[in-house]
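Trainee: Got a structure for you, questions after.
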Amino acid sequence: GAVVSQHPSRVICKSGTSVKIECRSLDFQATTMFWYRQFPKKSLMLMATSNEGSKATYEQGVEKDKFLINHASLTLSTLTVTSAHPEDSSFYICSARDGAGGYGYTFGSGTRLTVV
Amino acid sequence: QKEVEQNSGPLSVPEGAIASLNCTYSDRGSQSFFWYRQYSGKSPELIMSIYSNGDKEDGRFTAQLNKASQYVSLLIRDSQPSDSATYLCAVIPRQAGTALIFGKGTTLSVSS
């Protein structure tokens, strides 16, 4: 089946630094990828939708200059949290959709970000 | 206005019982519905997808969809302690393009 590799699984960074999270589709081409964040005991909140080769579409309230998304190839999307603050600490999850629709939605294993 | 509503629970059932999880959605134009299971600290895993009115069964799981009532449910028969997790209802609303929109999840606890 479809596999999405996400790393790192856990990262601790200092306030003010930037962190990059990678999401790779291993056995299919992901024309569209989605980034979610999840706070403890809360649901997954859609942050943005990225399409290969074009700018990401951000949900209302998500700062695009803070959460930089790049989807430069059909197998890789990255989320960079810039100038991280403690309130950015969260569980970030990517999801990829096979362009042919064959695999539906596949989720990465998630990244636990802690900003200290 | 929230698009997908679930009772957060917790829902507690004894081992072997039927667990019933419910979800309502606001966009009448929604066409695709999913149930995911999420263990603490892990990403969601797909249990069922349903697209047409009626029931869809897969092993111990049955998804039910009623588009007229904008209601989707998940039944888990012969519940096991390993079923204890948070169950997320997800919908593709018409206006959100292709992204899955999740409810806040229902926590299920199955006691042995």
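Trainee: Could you please give the count of residues in segment A:57-80 that are open to solvent by 70 Å² or more (accessible area, probe 1.4 Å), in contact with a strand residue (DSSP E or B) (Cβ under 6 Å, 6 or more places away or on another chain) and in a strand (DSSP E or B)?
Mentor: Matching residues across segment A:57-80 total 3.
Trainee: So if I check each of B:S79, B:S112, which one is open to solvent by less than 10 Å² (accessible area, probe 1.4 Å), over 26 Å from A:S89 (Cα atoms) and in contact with a Pro (Cβ under 9 Å, 6 or more places away or on another chain)?
Mentor: Answer to the selection: B:S79.
Trainee: Taking the criterion of being in a loop (DSSP other than H, G, I, E, B) and touching a Ser or Thr at 6+ places or on another chain (Cβ under 9 Å), would at least one residue in segment B:20-29 satisfy it?
Mentor: No, that holds for no residue.
Trainee: Hey, among the residues in segment B:42-58 that are open to solvent by less than 60 Å² (accessible area, probe 1.4 Å) and touching a Gly at 6+ places or on another chain (Cβ under 8 Å), which one's farthest from A:G108 (Cα to Cα)?
Mentor: B:S49
Yes or no, residue by residue, for (1) away from chain A (no Cβ under 14 Å); (2) under 26 Å from A:K41 (Cα atoms); (3) more than 13 Å from the chain's Cα centre (by Cα); (4) polar (S, T, N, Q):
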position: B:N66; (1), (2), (3), (4): yes, no, yes, yes
position: B:S69; (1), (2), (3), (4): yes, no, yes, yes
position: B:L74; (1), (2), (3), (4): yes, yes, no, no
position: B:C89; (1), (2), (3), (4): no, yes, no, no
position: B:I92; (1), (2), (3), (4): no, yes, yes, no
position: B:T98; (1), (2), (3), (4): no, yes, yes, yes
position: B:I101; (1), (2), (3), (4): no, yes, no, no
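Trainee: Please specify each residue of segment A:13-50 satisfying the condition of being among the aromatic types (F, W, Y), within 14 Å of chain B (Cβ to nearest Cβ) and in a loop (DSSP other than H, G, I, E, B).
Mentor: A:F39
Trainee: Next question, about the same structure. Scanning for something open to solvent by 60 Å² or more (accessible area, probe 1.4 Å), touching a residue at least 12 places away in the same chain (Cβ under 8 Å) and on the phi > 0 side of the Ramachandran plot, does segment A:23-40 turn up at least one residue?
Mentor: Within segment A:23-40, not a single residue is open to solvent by 60 Å² or more (accessible area, probe 1.4 Å), touching a residue at least 12 places away in the same chain (Cβ under 8 Å) and on the phi > 0 side of the Ramachandran plot.
Trainee: Out of A:S54, A:S83, report the one residue that is open to solvent by 20 Å² or more (accessible area, probe 1.4 Å), assigned to a loop (DSSP other than H, G, I, E, B), within 14 Å of chain B (Cβ to nearest Cβ) and among the small types (G, A, S).
Mentor: It is A:S54.
Trainee: Are any residues in segment B:9-31 within 12 Å of chain A (Cβ to nearest Cβ) and under 15 Å from B:L74 (Cβ atoms), and if so, which ones?
Mentor: B:G9, B:C23
The values are calculated or read from the model by the stated rules, or taken from the named source; none is laboratory data. Because the structure is predicted, anything quoted here is derived from the model rather than measured. Virtual Cβ from ideal backbone geometry, glycine too; neighbours counted across all protein chains shown. Please note that ligands, DNA and RNA were not included when accessible areas were found on the heavy atoms of the full protein model with its side chains. Shrake-Rupley method; radii C 1.70, N 1.55, O 1.52, S 1.80 Å.
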